[in-house]
Amino acid sequence: MSALLEVKDLVVKYGAIEALHGISLTVNQGEIVSLIGSNGAGKTTTLRAISGIRRAASGSIVFNGADISRQAAHAIVRSGLVQSPEGRGVFPNMTVAENLDLGAFIRNDHAEIAKDLERALGLFPRLRERMGQMAGTLSGGEQQMLAMARAMLTKPRLLLLDEPSLGLAPQIVQTIFKIIREINASGTTILLVEQNARMALQVSHRAYVLETGKIVNQGDAKELASSDVVRKAYLGH
Amino acid sequence: MKTLAQHQQDVPGKVATRWDVMLLPWVACIVVALVVHFASPVLVNEYWQNVLRRVGVFVIAAVSLNIVNGYAGQFSMGHAGFMAVGAYVAGATTYYGSLLLHGSVNDPNFYYQGIGLMLGGIGLGCVVAAIAGYLVGLPSLRLRGDYLAIVTLGFGEIIRVMLELTKGQLDNAAAVKDAGAKLLIHLNGPSGFFGIPSYANLFWIFLFVSVTCLIAYRIKYSSTGRALLSIREDEIAARSMGVDLTKYKVRAFVLAAALGGVAGGLYSHIGANPSPTDAGFQRSFDVILLVVLGGLGSISGSVLAAIVLILLPEVLREAQQYRLIIFALLLIIMMIVRPKGLFGVKEIWELDWFTGWFSGKRRERKAGAK
């Protein structure tokens, strides 16, 4: 397997405070990799640095063979690395259809867009019923579905998902994770950030455990789920 | 906004070359201008025709400001500055151009050349305003919200002060020839530029009004418009869709400034002597009021607000000393009843009550309720 994303010694600072103290991680083509850790561990910061919303103070981020650590966020999106933003980030005063339309903003291949839309709506049938409705009036779960469908329409090679289960009912969380698997099965590599370690480890191939800005553990997701340290700290048994 | 369903129907390349889509709207603009031009003298007297010309100028000002304040959600308070740039450039072009080429201003024998000078001046004013928009936009669009408002407010004030410091107006061809490039500082200081012939009749005004509305409409429903509306909704989400924030914000700023320059250029040709106060805070605020009341992002809202708010003081003139009170009261009621402006971000034909009215659903629903 070849590395699609390679992060080396990434340091990110907020003013004088160092939030990430040099983390390194690799995501291979076709994998689901999850980044787990508690509040304030630096999970979201890592994603933001990778997608270019936050500048890295030092370290390198190589995506698909090119260093993207100095590139503008919109340029990174064009190279195929797409983040579904934290807090869902749908456009509340636009309809579901308009939101999806913006997902395909960087694309011009209308026939392919139409196919991808069908595929996305196939995964999220609920959205089809809501096409004309304002995104802000959707339920939390539906908004998360919309954010994911919109990110899929951008046709990413690597999809970054930030806390897709945040604030959702357990049943909807199940659905969301089922769909994450399906998106991955259709060829999209996924880097997942989650507080819900149990679910995250179930769907991923590999995982990294982040603690106060450092990677403290990494490896096969199944093995991590059964390791004592992770079980005590994050799985609660 | 083009929906994805429409994407599917489009055969690539076909729509863009269809002559009726390309050409017809522009022809319609000319027709609108001609209709207004020939119908108005029959319907209203000279006084109201003048009011109508003023309405037209403010429609352009409001619709253009709507591109940056409405679509992109960037609160600019310097629109009057761009308008004043356009007004002075266009006015001085016509005035000094006439002196230079003909030796006198406002001579009936020079009428058609004068119109030519006016159009050239408006074009020039549009370009200069656009350049000013670019220069102001590029550094200040790194700022958000209140800070952007303050910087743009400062721009308008800078223009106002600069205009106040200019020297007296020249009034004969010989002096104009001598002055050469120094003409730029002969803009008559605080008392304002006088004697610009009012070449902008109803035809020209409403030609520019309809063209501005058409441009604004096309932008709103293009990918640029989509990008701008997404920036207004959520900058981070827009960025993660691949929208280049700076590029689109600057684009909106330049477009708004250019069209604001056109509004100013016309303003100086309707017999309203442009003065430094036209660049100031008060005037900027007048235009912002139109945009906010019409609904941020709604073209038809801006148009309607401009028509109503310019006509209202004229109609209320009968009530003399009470008219400002009534005016203020109407504004307060508006903000309570429709806090998002008249139409919000929608156009009038997209509103439920409007479409319902015309398809007869409204009556059915009423009948059903009984």
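Coordinate-derived values only; no laboratory data. Please read all numbers here as calculations on a predicted model, not as lab measurements. Cβ: placed from backbone, ideal geometry, glycine included. Neighbour counts: every protein chain shown.
Assorted remarks:
- Mean partner shielding of peptide A:91-100, defined as the number of other chain Cβ atoms within 10 Å of each residue Cβ, is 5.
- Working ranking of peptides B:222-229, B:158-165 by packing, defined as the average number of other Cβ atoms within 10 Å per residue, highest first, is B:222-229, B:158-165.
- Global geometry of chain B, whether rounded, prolate or oblate, following the gyration tensor of its Cα atoms and the 1.5 cut on a/c: prolate
- Peptides ranked, highest mean first, by Cβ atoms within 10 Å: ranges A:5-13, B:346-354, B:62-70: B:62-70, A:5-13, B:346-354
- Over chain A, DSSP H runs of length four or greater, each weighted -39,500 (n - 2.57), average out per residue to a 222 nm ellipticity of -10500 deg cm²/dmol.
- Net +/- balance of residues flanking A:ASN184 in space, Cβ distance below 13 Å, scoring K and R +1, D and E -1: +2
- Rounded to whole Å, sorted largest first: equivalent-ellipsoid semi-axes of the protein assembly as shown, Cα gyration tensor: 55, 28, 21
- Cβ-to-Cβ counts within 10 Å put B:TYR96, B:TYR217 in ascending order as B:TYR217, B:TYR96, the fewest first.
- Computed [θ] at 222 nm, deg cm²/dmol, chain B (DSSP H ≥ 4; -39,500 (n - 2.57); rounded to nearest 500): -23000 deg cm²/dmol
- Expressed in Å, the radius of gyration and Dmax of the Cα atoms of region B:233-342 are 17.4, 56.
- Each of the peptides B:182-189, B:278-285, B:326-333 was scored by the mean count of other Cβ atoms within 10 Å over its residues; in descending order, highest first, they stand as B:278-285, B:182-189, B:326-333.
- Per residue of B:244-257, other chain Cβ atoms within 10 Å of the residue Cβ number 1 on average.
- Cα gyration tensor shape for region A:39-102, rounded if a/c is under 1.5, else prolate or oblate: oblate
- Distance distribution note for region A:1-126: the fraction of Cα pairs above 24 angstrom is 39%.
- Counted charge near B:VAL250, where neighbours are those whose Cβ lies closer than 11 Å (Asp, Glu -1; Lys, Arg +1): +3
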